[in-house]
Amino acid sequence: MASIMAAKVRAKRVAQLIAGGKRLDGRELNSYREVQIESGLIERAEGSARVRLGKTEVLVGVKIEIGEPFLDTPNEGVLTVNAELVPLASPTFEAGPPDENSIELARVVDRGIRESKAIATDDLVIEPGKKVFVVFIDVYVLNHDGNLIDASALAALAALMNTKMFNYEVKEGEVKIKPGYKPLPMRNYPVAVTFAKINDQLIVDPWLEEEQVMDARLTMAFEKDGKICAMQKGGYGTFTTQQILEASKIAQQKAAELRALVVKE
Amino acid sequence: MSQKKPEKLIDEKGIRYDGRKLNEMRPVKIEVGVLGNADGSAYIEQGKNRILAAVYGPREIHPKHQALPDRAALRCRYHMAPFSVQERKSPAPSRRELELSKVMREALEPSIFTEYYPRTAIDLFVEVLQADGGTRCAGITVASLALADAGIPMRDLVSACAAGKVEGHLIVDLDDMEDKSEGADVPVAYMPSLNAITLLQMDGMLTNEEFEQVLNMGIEGCKQINQLQREALKAKYTAVKEAGAEKEGEAEEEEME
Amino acid sequence: MPIFCEKRQLVTPGDLLAENDYMNGENTYRENGKIYATRVGLCDHDQKRIHVVALKSFYIPMVGDTVIGKVLEVTLGGWVVDVRAPYVAMLRASDALERPVRPQRDDLPALFDVGDMMIAKIVAYDRTRDPLLTVLERGLGKVTRGQIIEITPTKIPRVIGKKGSMITMIKNETGCQVVIGQNGRVVIIGKTPEDERLAIMAIRMIEQEAHTSGLTDRVTEMLRKEKGEKSSKEVVENVPKET
């Protein structure tokens, strides 16, 4: 009960500020929190990166293994994304099998990467129809202070760009590892931008307090040429067409800004 | 019973492989109140999709800790029957089904006056008996009718329809083959009286301009679906009404007990 | 004063009924000055108010209502009772016994056991807790004989009739005791099972044709016909053969 009462009082305060164009932490409606990116911190992983978005912290590890391709795409490598909301990240996370929130998070991050064809999966074939590389992207949320989607998507991108694959040759049907590495072949760099709607006002990169009082959330992922490659509305509220179209224009620009932090030309 | 993929899904004249025009929806058949035990139920056939929805509630909530003090908890289960797809699907809930259960719940909740029934559960079950693309949209459409059939007070019906891009053309109501091909798929759910979008997702790639067109096509599709939903609801009760003209309301207002 | 629906027009949730000057009544809501229906039903309005008579709804407890409940559970302090509502009701021992409860010596299942039906009254109910019942008033208590049927709660007023006319007629024609629960359950106690059957037929007929006119007369006629056929059959059987 107390949390609901507190939420109503907090909601009023947050909404008042936002109506005046400002947020609780002093940010503009369209501003992201400070972003810190660190790559390659987990040596045992083929690729890794940690993103701090304000106090939200997400670690992504990339592992590459050899496996079988899917039946309907025999000439392509496999991509799979998993997310864990580990209990230490928030008092609201419980240990156990993935719940709907961690599944949604994983699938939205996956969508951005898959639909933009970020990874050149046709370059990951060892033996067509039989052996391919499987790219495991594991999203590990370390601290939840709002906007896990954007932080996870950015960390996934940075981790992929950091990923190195071993050189190999196929001898007598066996894969033999050769010395040296090459980077994971990538063709696109998707970035996710999430909005929260509070009292009909859209704000970018909601932090935890804002997420707790928002009506609804809208995530849009953009690929390197400014096309939309994934979208997900969440939460119990609604949007008008107007709001969605306005958001897509702002998001396109924000995505470019975030991408520049990871992809140095 | 597999289907071979045709060379092109859309020909030079803009006619789709199943004969439809670009902005044409698949034929829809809806029936309301089809199950005996559920408080509300409905069934839809849209193209080859066959989906059943049932509602139980508002009712006592179990386990008790899921109860919300200020409103009813809407719980939604989207599930596909093992025989509903080409390759038998395991009955265990997949990650996709869990995600869809969540987004469908979030698409329907804005329409329900949950605040009228605190500490109860409204349980919604959507079973896909046969799937051919666009099941989450057809599922939302039929679930909304099941809620109305249960007499649960709502702000509006929720109507859903997908639009997208296939082989360079912008189209409405993608079926499974169109969905699986390159392009884009944008499912939308909408409450027409309130002009409010309750579900929006996207797979694929679209420019901002294309997205605007596709979104508008999706909403037009939702409006068409809304008409069909209203007709289906009325059809169930028109037979009852046609039998007479006596003012039932008069009897009610006069009764004193 | 724009109004968009005619009297007794079938409407569905989200249908726009009126704008502004009207007051919104049952099964409607107001948003941005517009009034919409919340349930499937028949629209109705007078000069001031617009409302919808729902074709299907479920029972929401109200203090003062007489309800017919079914015991689900016997607890230490009383009983958990199903009243065909989104909430279960509670009957505390103190609302069933006229004296203070003695946990050691009072045998609660002997009073009401799981599965027993009761006629009770709702004494308390609000948003924060389940409804509370009592059986301590006249006419309330365990149902020990007769039959119980369930009907849609929205049809209850029709079963009662204008100023009780319909229910009085049924009682007279069938000689049954009839207790109507606002929660859509009806207890019928007749002198014979045949009498009970007639009363049930009458109520089912009302449920089917609740919206029609001249219903009271037609139900009366139906009952008399049913009774008449039966008694004329008896007469035929009892006439001594002429020798």
> Mind checking which of A:Gly20, A:Gly112, A:Gly61 has the largest fluctuation in a GNM of chain A, springs on alpha carbons under 10 Å?
Replying inline: A:Gly20
> Per residue of B:204-216, what is the mean number of Cβ atoms on other protein chains within 10 angstrom of that residue's Cβ?
Replying inline: 5
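How much of the DSSP beta bridge set in segment A:1-136 is antiparallel, as a percent to the nearest 5?
Details: 19 of 22 bridges.
Here the share of antiparallel DSSP bridges comes out near 85 percent.
Counting only Cα atoms, I'd like the Rg/Rh figure for chain B, Kirkwood definition for Rh.
On the way: Rg = 19.7 Å, Rh = 19.4 Å.
Result for chain B is an Rg/Rh of 1.02.
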> Using the alpha-carbon atoms, what tilt in degrees (0 to 90, nearest 10) does helix B:208-242 show relative to the longest principal axis of chain B?
Replying inline: 40 degrees
> How much net charge surrounds C:Gly115 when only other residues with a Cβ under 12 Å from its Cβ are counted (Lys, Arg +1; Asp, Glu -1)?
Replying inline: -2
>> Just to confirm the number: angle between the C-alpha axis of helix B:135-149 and the first principal axis of chain B, 0 to 90 degrees, nearest 10?
In response: 10 degrees
> When a footprinting reagent is the concern and you count Cβ atoms within 10 Å, what order do B:Ile15, C:Ile35 take, fewest first?
Replying inline: B:Ile15, C:Ile35
> In square nanometres, what is the average projected area of the Cα convex hull of chain A?
Replying inline: 15.5 nm²
> Taking Cα atoms, how many degrees apart are the long axis of helix B:95-108 and the longest axis of chain B, rounded to 10 and kept between 0 and 90?
Replying inline: 50 degrees
> If we sort C:86-98, C:22-34 on the protection proxy, mean other Cβ atoms within 10 Å, highest first, what's the order?
Replying inline: C:86-98, C:22-34
> Can you give the mean number of other chain Cβ atoms that lie within 10 Å of the Cβ atoms in peptide C:26-38?
Replying inline: 3
> When the Karplus curve 6.51 cos²θ - 1.76 cosθ + 1.60 is applied with θ = phi - 60°, which whole-Hz ³J(HN,Hα) does each residue of segment C:121-138 get, with x for Gly and Pro?
Replying inline: 10, 7, 9, 8, 6, 8, 5, 9, 8, 6, x, 10, 10, 9, 10, 7, 9, 5
>> Let's test the formula: R0 of 41 Å, r as the Cβ-Cβ distance of B:Ala92 and C:Gln177. What FRET efficiency results, to the nearest 0.05?
In response: 0.15
> Which far-off residues, 5 or more places away or on another chain, put their amide H under 5 Å from the one on A:Tyr168, with H placed in the peptide plane?
Replying inline: A:Lys178
>> Taking 45 Å as R0, compute the FRET efficiency from the Cβ-Cβ separation of C:Lys225 and B:Glu24 and round it to 0.05.
In response: 0.20
> In peptide A:218-228, how many Cβ atoms from other protein chains are near each Cβ within 10 Å, on average?
Replying inline: 3
>> Give me a comma-separated list of calculated 3J(HN,Hα) values for segment B:43-52, in order, Karplus coefficients 6.51, -1.76, 1.60 applied at θ = phi - 60°, integers in Hz, x for any Gly or Pro.
In response: 9, 10, 10, 10, x, 8, 5, 9, 9, 10
> Using modelled backbone amide H atoms (1.01 Å from N, in-plane), which distant-in-sequence or interchain residues come within less than 5 Å of C:Asp116's amide H?
Replying inline: C:Val71
> Taking the mean number of other Cβ atoms within 10 Å as a proxy for protection, how do you rank C:162-173, A:216-227 from highest to lowest?
Replying inline: A:216-227, C:162-173
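In the protein assembly as shown, what % of DSSP beta bridges are antiparallel (nearest 5)?
Working: 141 of 161 bridges.
That works out to approximately 90 percent antiparallel.
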>> If you build the convex hull over the alpha carbons only and average its shadow over all orientations, what do you get for segment C:10-54? Give it in nm² to one decimal.
In response: 2.4 nm²
> Given +1 on the Cβ of Lys and Arg, -1 on the Cβ of Asp and Glu, and no further charges, what dipole in debye does chain A carry about its Cα centre, rounded to the nearest 20?
Replying inline: 660 debye
> So for segment B:1-126, taking the charge dipole from beta-carbon charges (+1 Lys/Arg, -1 Asp/Glu), which of B:Gln66, B:Leu100, B:Gly40 sits furthest toward the positive end?
Replying inline: B:Leu100
> What is the calculated FRET efficiency for B:Tyr116 to B:Asn208, with r their C-beta to C-beta distance and R₀ = 45 Å, to the nearest 0.05?
Replying inline: 0.65
> Can you list residues whose amide H is under 5 Å from C:Ala124's amide H, if they're 5+ apart or on another chain and H is modeled 1.01 Å from N?
Replying inline: C:Leu132
>> In Å and on Cα atoms, what radius of gyration and Dmax does segment C:147-233 show?
In response: 12.1, 38
>> Normalised by the empirical 2.2 N^0.38 Å for globular proteins, what value does the Cα Rg of the protein assembly as shown take?
In response: 1.14
> Arranged from highest to lowest average of other beta-carbon atoms within 10 Å per residue, in what order do the peptides A:189-201, C:134-146, C:205-217 appear?
Replying inline: A:189-201, C:205-217, C:134-146
>> Residue by residue through segment C:60-74, what is 3J(HN,Hα) from phi via Karplus (6.51 cos²θ - 1.76 cosθ + 1.60, θ = phi - 60°)? Round to whole Hz and write x for glycine and proline.
In response: 10, x, 9, 4, x, 5, 8, 10, 10, x, 10, 6, 9, 8, 9
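The numbers here are math on the coordinates, done by the rules we state, and not lab data. Keep in mind the model is a prediction, meaning the values are calculated, not measured. Every residue, glycine among them, receives a Cβ derived from its backbone with ideal geometry; neighbour counts consider all protein chains shown.
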